[in-house]
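**Student:** Structure below; questions to follow.
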Amino acid sequence: MKNKITLVGLGELGLGTKYGYPEAITGLTHVLKNEDIDAIIITGGLLPRVPRVASKRNSQYLDTLASDEIDSIQKASIESKKIIEPLKNVTKKAKWYYACGEEDRGNLEELVDVRIAEALDLPTIVENLKTKIATFSEQLKSKKRELELLREEFEKFGKNNHDKNYLSEYRKRRREIENEIKRIDTELREDEANLVQRQEALKKYGFIKFTGRYPLKKEERDLFLEEAKREYKELIFHSIGHDANIILPDSEANIKVKGMEIKVAHNSNRKSDVPLQVGIQRRVMKNKFKNVTKENVPELDIEGHHAGGFRVYIQRKRRNVPEQVFYVQLPTLHHIGKLEEMLAEGINNWDVKRLYEGYSSGYASGAVIMRKRNDGVREFEFFSSDELAKIKDTGIESLRNKPIKIEALADMHIGCTNEPSLPNSMSNYALVEAYKNYQRIHGLPNIIVALGDMVQAGPYRGAESESRVEMTRFQLEQERAKIMKSNLSNEEKLKKIEELDRSYLSYIPITNISEQKMELRDRWIKPHVHKVLDNGGKVLLVSGDHYNKTLGGKEDEATEIANMIDERFRDKVYVLKGNEFGTGKKVIDNLRIYAQHKPMYSNQDEVIGGMKHLIRINEDCDIAFFANWHHPGFGYINSASGGVLITALPSFQPDNPYVSAIGKQSSTNGFYNIFVKPGRQWFKIEVVTDDALLNYVPGLEKKPRV
């Protein structure tokens, strides 16, 4: 499948520090050399914080510099270029975007202070500028005379000379002189303008000399700030090239890459640099506000900086539309072992604080490749920093060759009602058919993880509005009669009636639980689960809370579904059951899988809720699956010795009034395909949401899908 767009996300590089990881960037260079990359997005850490003077606060940065040779930002820029240049060379077609971090803000503020300090010695600066201007003026005069002599010589001897070498040499020499004149003239004009400004400031020199302070007006402060920004941008350009796009500190940018709208920032929180657990949730609320006020919302919302490891959280752009917003919190690219050493030594800068905060909410270090395919499926591929550092020796194919493919799905809610206002192609039944069609086309999984609420069961605890009938049979007959009396052709009438009948069937609930299980058996188990098991696959079934709570613990959903699977597959079926819902751990194909239908924490977002749940119960696993909340996402947390992928699964149940009643928006529908290798800190995940699944609804497929 061809990719429509491929992006690389890197957060908090840590270059020039003791915990920077040049070997990881070298490994990333090997990964990307055969990739067609459209853009590289970096959120901070290209240059270290390099204070000019020592203090208690500045020692937090001075003590973490990679070497004593890095004693200025200029030298740091030179060192960063050495590390980044090989990566730049293998991604020549890519656009580069750099969002400045807190280190950059500190460096920039110090450059402004330097400008102000220089103003204290205005007489010397003015005299130096006058000398420089005089020198440039002489150089300009000399070059102009040289050009004049060259032209006179050509008029006298070369005008009628048809020797190609002579003419070529003449044109080359003329261009060189003209370019020199242009360069000198530009610098001369800049210095002359600068001299005028300094001479104006010199009029106040008596005050400066007496107080040691420069009497700044806003326009003067702005001037120094603009000068500092220009200088700092040049240092960044030196490291990653003049074609890079720079997003200055405390700013965000809305960019477009091959038509995809993307918001990029290092940290959109304007109140503090503290790494927040609620960073993504604040961005979600901001975009919801934009929707209410009719502003545009991006497809991809990327930041770094905050706590909670690497996370992707998925929401609809607006209620009941298939388009999605992907909120991405990038991991750092730090050496976790060395960062832990800094923490033990008492270092307390923001990079160390982020690790410390991660002990309770998750931390990750690595690189992310983000792809959007032509069929609308998004792929996220994660490499931990330690895994990248080994790739030069192990090779990328050791990860990507023959991984285990896991199909992860939940909350199918067979038997639920589907809102008549929604397109029929977005009913849970149509989406189930589309997902089966997708898997048939792109390959069956090795493992199915079904995380509960596969059937609707019955309403409980005030969720009665989930199941209701919007149209009576009499009303259906009236609608059919209207179509038959219309001026449409017979073919169009039949098509309209077929759509009406299908919609009517999809939003009438199946209220009998036994019939719900029969529907699940015929729609999912026989045509799909049995096919996967026949192909050598395995299935993990987890009980949901709808079924178990409806029946008061007298029956268990996962056990009941397992009983509907053919006896010959019993050794390939794993069950996690429970009183209210299923929870537990199984080892399948050497993967330690923890699964729980309902995580206990979701006050920030469903992904960080799963992370906190896993940390608090102190569970050791490779992958953790959670569901129930219907709002999907996934993330990764890792340490110096290992990592775990955490998922919050999407549902198949469309919007209904109960969602509004509990103060939520309609969730994204779909499922994940996850590719992993046991013992390796790498994964790739296919996010197959309803905007992509609409391309696979049987009979409605869009072609071509390549």
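**Student:** Can you list the residues, at least 5 places off or on another chain, whose amide H is less than 5 Å from the amide H of Arg592, using H built in the peptide plane?
**Tutor:** Amide H to amide H, under 5 Å and 5 or more residues apart or across chains, Arg592 pairs with Asp622, Ile623.
**Student:** Among [x] 31.6, 109; [y] 30.5, 112; [z] 34.7, 108, only one was calculated for this model; which label is it, if the read-out is Rg and Dmax of the Cα atoms in Å?
**Tutor:** [x]
**Student:** When only Cα pairs under 8 Å and 6 or more residues apart are kept, what is the percent relative contact order across the chain?
**Tutor:** Numbers: 1398 pairs, mean separation 108.3, N = 706.
Computed value for the chain: 15 percent relative contact order.
**Student:** Would you mind working out the magnitude of the charge dipole of the chain relative to its Cα centre, with +1 at each Lys and Arg C-beta and -1 at each Asp and Glu C-beta, to the nearest 20 Debye? Please list the in-between numbers first.
**Tutor:** Details: 111 positive and 105 negative charges, 243 e Å.
With Lys and Arg at +1 and Asp and Glu at -1, about 1160 debye.
**Student:** Tell me the mean residue ellipticity at 222 nm calculated for the chain from its helices only (DSSP H runs of n ≥ 4, each -39500 (n - 2.57), averaged over every residue, nearest 500). Each step should come with its number before you reach the end.
**Tutor:** On the way: 23 runs with 294 residues, N = 706.
Computed ellipticity for the chain at 222 nm equals -13000 deg cm²/dmol.
**Student:** Among rounded, prolate and oblate, which fits region 383-458 when a ≥ b ≥ c are the square roots of the eigenvalues of its C-alpha gyration tensor, a/c under 1.5 means rounded, and a/b larger than b/c means prolate? Kindly include the intermediate steps, with their values, before the conclusion.
**Tutor:** Values: a/c = 3.08, a/b = 2.71, b/c = 1.14.
Note, shape of region 383-458 comes out prolate.
**Student:** Continuing with this model, one more query. Does region 527-581 come out rounded, prolate or oblate by the C-alpha gyration tensor, with a ≥ b ≥ c the root eigenvalues, rounded set by a/c under 1.5 and, if not, prolate when a/b is larger than b/c and oblate if not?
**Tutor:** Working: a/c = 2.69, a/b = 2.60, b/c = 1.03.
Since a/c reaches 1.5 and a/b is larger than b/c, the shape of region 527-581 is classed as prolate.
**Student:** Considering only DSSP states other than H, G, I, E and B, which trypsin sites (Lys or Arg not before Pro) in region 139-185 qualify as loop sites with at most 13 other Cβ atoms within 10 Å?
**Tutor:** Details: sites: Lys141, Lys143, Lys144, Arg145, Arg151, Lys156, Lys159, Lys164, Arg171, Lys172, Arg173, Arg174, Arg175, Lys182, Arg183; in loops: Lys159.
Those satisfying the criteria are Lys159.
**Student:** Excluding residues on the same chain fewer than 8 positions from Lys677, give the aspartates and glutamates whose Cα lies under 13 Å from its Cα.
**Tutor:** Glu381, Glu387, Glu397, Asp589, Asp622
**Student:** Could you provide, to the nearest whole Å², the per residue accessible area of the chain with probe 1.4 Å?
**Tutor:** Details: 31740 Å² over 706 residues.
Roughly 45 Å² per residue, with all protein chains present.
**Student:** Using modelled backbone amide H atoms (1.01 Å from N, in-plane), which distant-in-sequence or interchain residues come within less than 5 Å of Ile508's amide H?
**Tutor:** Here the answer is Asn418, since their amide H atoms fall under 5 Å of that of Ile508.
**Student:** Please list the non-local residues whose amide H lies under 5 Å from the amide H of Gln315, H modeled 1.01 Å from N, same-chain partners needing a gap of 5 or more.
**Tutor:** Excluding prolines and chain starts, which carry no amide H, the hits are Val325, Tyr327.
**Student:** Checking the table Lys218/Lys263; Lys554/Lys586; Lys392/Lys612 against a 32 Å threshold on Cα-Cα, which pairs fail? List each step's numbers first, then the result.
**Tutor:** Working: Lys218/Lys263 30 Å; Lys554/Lys586 24 Å; Lys392/Lys612 34 Å.
Violating the 32 Å Cα-Cα cut-off are Lys392/Lys612.
**Student:** Turning to a different aspect of this structure: So, with a 1.4 angstrom probe, what is the percent of accessible area on the chain that is carbon and sulfur? Don't skip to the end; give the middle numbers.
**Tutor:** Working: 15620 of 31740 Å².
Of the solvent-accessible surface of the chain, carbon and sulfur hold 49 percent.
**Student:** Exceeding 26 Å between C-alpha atoms, which entries from my cross-link table qualify? They are Lys256/Lys598; Lys353/Lys405; Lys82/Lys233. Could you put the intermediate results ahead of the total?
**Tutor:** Details: Lys256/Lys598 37 Å; Lys353/Lys405 36 Å; Lys82/Lys233 18 Å.
Among Lys256/Lys598; Lys353/Lys405; Lys82/Lys233, the Cα-Cα distance tops 26 Å for Lys256/Lys598; Lys353/Lys405.
**Student:** Contact order normalised by length for region 5-94, with contacts defined as Cα pairs under 8 Å and 6 or more residues apart; what percent is it? Please report the intermediate quantities before stating the final value.
**Tutor:** Values: 124 pairs, mean separation 35.7, N = 90.
Result for region 5-94 is 40 percent.
**Student:** Going by a ≥ b ≥ c, the root eigenvalues of the Cα gyration tensor, does region 62-144 fall in the rounded group (a/c under 1.5), the prolate group (a/b larger than b/c) or the oblate group?
**Tutor:** Details: a/c = 2.57, a/b = 1.46, b/c = 1.76.
Because a/c hits 1.5 or more and a/b fails to exceed b/c, region 62-144 counts as oblate.
**Student:** Let me ask something additional. If you put +1 on each Lys and Arg Cβ and -1 on each Asp and Glu Cβ, how big is the dipole of region 1-51 around its Cα centre, in Debye rounded to 20? Intermediate results must be reported in sequence, preceding the final value.
**Tutor:** Details: 5 positive and 5 negative charges, 13 e Å.
The calculated dipole for region 1-51 is roughly 60 debye.
**Student:** Could I ask something else about it? Apply the Karplus curve 6.51 cos²θ - 1.76 cosθ + 1.60, θ = phi - 60°, to the phi angles in region 70-79 and return the couplings in whole Hz, x for Gly and Pro.
**Tutor:** 7, 10, 7, 5, 4, 5, 4, 4, 5, 5
**Student:** Separate question: Less than 27 Å apart at the alpha-carbon level, and either on another chain or at least 8 residues along: which lysines does that give for Lys482?
**Tutor:** By straight Cα distance, Lys482 reaches Lys493, Lys495, Lys496.
The values are calculated or read from the model by the stated rules, or taken from the named source; none is laboratory data. No experiment lies behind these values; they were computed from the predicted model shown. Every residue, glycine among them, receives a Cβ derived from its backbone with ideal geometry; neighbour counts consider all protein chains shown. The accessibility values were calculated without ligands, DNA or RNA, using every heavy atom of the protein model including side chains. Shrake-Rupley method; radii C 1.70, N 1.55, O 1.52, S 1.80 Å.
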